[in-house]
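Novice: Handing you this structure, nothing more for now.
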Amino acid sequence: MKNKDFDVFSPQIGGVSRRDFVKYCTLVASSMGLPLGAGVQMAEAVVNPKRPPVIWLSAQECTGCTESLLRATHPTLEHLILDLISLDYHETLSTPSGKQAEEAREASIKANKGKFILVVDGSIPVKDNGIYCMIAGRTALDILKDTAKDAAAIIAIGSCASWGGVPSADPNPTGATPVHKIITDKPVVNIPGCPPNPYNFLSTVLYFLTFKKLPELDKQNRPMFAYGRLIHENCERRPHFDAGRFATEFGDDNHRKGYCLYKLGCKGPETHANCPSILFGDTGAGTWPVGTGHPCFGCTEEGIGFHKPLFSRASLHMVTPPDTYPHTQEQQGKGATIAGVAVAAAAAGAAFAAASKVANKLGEDEKGKK
């Protein structure tokens, strides 16, 4: 990309320098596991004068996904997405409203068949023919089907669009349904989260613009670069889990010390996302739920967030901490400690039997409350 080519578009991305913009795209590329040089390709794709049109549909949602995206800062989303990509329709951000907004959506679809990116925010109610979500006299279900058939790519952003989210929680009175269960004749990329991290969405869009294809997806159609690992694997509290150190109540000494939140209902051991790696909101270290002292509730995983009780223990996908690890709080005068039993067992020549007995007796707290 030549400097003079970039200079034409520099004002649209906040006046950042070519070097800083390429550096940003390189960081995005590296976070996706792409080779050297992919960042430059992304930068060239973004400043291409032929801006790809984007149509953003909203159904049963809270606008939190849009709010999250508007808070991206490097560079700011309004410059990168709203200027460099032609956002032809968005109920919250569009300049026109009412009839004019609907006409703009219809005109964009007609002029860009097979070329536009469709972003869907919110779950789609299907009960009673979808009457529980109406836009301009039409159901969200009808608008989705009509728009999706001409889209080049479809992205379901947020947990509501990906899994059904809050509206689909029992008893799901409106029949709230995720996008991929309605649009079945073409791939739908899921970017779950409540709200999702804006950079997972942004990186997916940049990848599609650059390589004209979708990034590698997992079995649930989530980008592997963002959802390929369990939160538990990269959590800063993981060493405490492995050592058997847990907070047992909010505000107790162990909670204040930063111990593992597994016993308080953290769903990190069964939830795939990159939250601990890229954090959230660009406001500094520790800015994600577990980092601020609250258990992960599994919003990026189907069937966990909004479905599994908030403070119930996660289904572990890895080996649990051994019951014979020392407790964080040994109670004096109320029975043998693990260390004491181990010494006695060794002296009696029955270490294995004693360890089993200890596991059954003193491991009740780790196993009995799952």
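Novice: Quick one: which of K23/K257; K115/K308; K127/K149; K127/K263 span more than 28 angstrom between C-alpha atoms?
Specialist: K23/K257; K115/K308; K127/K263
Novice: Under the rule of at least 5 residues apart or a separate chain, name every residue whose amide H is placed under 5 Å from the amide H of N190.
Specialist: For N190, whose amide H was placed from the backbone, the distant partners under 5 Å are A156, R222.
Novice: A further question on this structure: Please list, ordered by chain and number, the residues whose modelled amide H lies under 5 Å from the amide H of T177; skip anything fewer than 5 residues away on the same chain.
Specialist: I124, V126
Novice: Ordered by residue, what ³J(HN,Hα) values in Hz, to whole numbers, does the stretch 153-169 give under the Karplus form 6.51 cos²θ - 1.76 cosθ + 1.60, where θ = phi - 60° and Gly and Pro are x?
Specialist: With the stated coefficients, the stretch 153-169 comes to 8, 10, 10, 9, 9, x, 5, 5, 6, 7, 10, x, x, 4, x, 8, 4 Hz.
Novice: Return the equivalent ellipsoid semi-axes of the stretch 231-321 as a descending list in whole Å, where each equals the square root of 5 times an eigenvalue of the C-alpha gyration tensor.
Specialist: Value: 17, 17, 13 Å, ordered largest first.
Novice: Count the DSSP beta bridges whose two residues both fall in the stretch 112-186, then state the antiparallel fraction as a percent rounded to the nearest 5.
Specialist: 45 percent
Novice: For T271, which sequence-distant residues (separation of 5 or more, or a different chain) have an amide H within less than 5 Å of its own amide H, given hydrogens modelled in the peptide plane?
Specialist: I231, H232
Novice: So, one more: Which of C160, C65 has the fewest other C-beta atoms within 10 Å, and how do the rest follow up to the most?
Specialist: Going from sparsest to densest Cβ surroundings: C65, C160.
Novice: Continuing with this model, one more query. Nearest 0.05, what FRET efficiency do L27 and K113 give at R0 = 25 Å with Cβ-Cβ as r?
Specialist: FRET efficiency, L27 to K113: 0.15.
Novice: Can you work out the Karplus-derived ³J(HN,Hα) for every residue in the stretch 204-213? Use 6.51 cos²θ - 1.76 cosθ + 1.60 with θ = phi - 60°, whole Hz, and x for glycine or proline.
Specialist: Result, rounded to whole Hz: 5, 5, 4, 4, 5, 5, 7, 9, 6, 7.
Novice: Subtract the Cα-Cα distance of R71 and N172 from 0.36 nm times their separation in residues, and report this length gain in nm to one decimal.
Specialist: The R71-N172 span can extend by a further 33.3 nm.
Novice: How do 255-262, 134-141, 117-124, 56-63 rank on mean C-beta neighbours within 10 Å, highest first?
Specialist: Packing order, densest peptide first, comes out as 117-124, 56-63, 255-262, 134-141.
Novice: If R0 is 56 Å, what FRET efficiency do you get for D242 and K99 from their C-beta distance, rounded to 0.05?
Specialist: After rounding to 0.05, the efficiency reads 0.40.
Novice: How many nm separate the modelled label positions at D146 and I131, each set 7 Å beyond the Cα in the direction of the Cβ?
Specialist: According to this spin-label approximation, the distance is 1.9 nm.
Novice: Inverting the mean 1/r over all pairs of different Cα atoms, compute the Kirkwood radius of the stretch 50-227 and quote it in Å.
Specialist: 16.2 Å
Any read-out appearing in this document is the output of simple, stated calculations on the displayed coordinates, not a laboratory observation. Because the structure is predicted, anything quoted here is derived from the model rather than measured. So basically every Cβ, Gly included, is an ideal-geometry build from the backbone, and we count neighbours across all protein chains shown.
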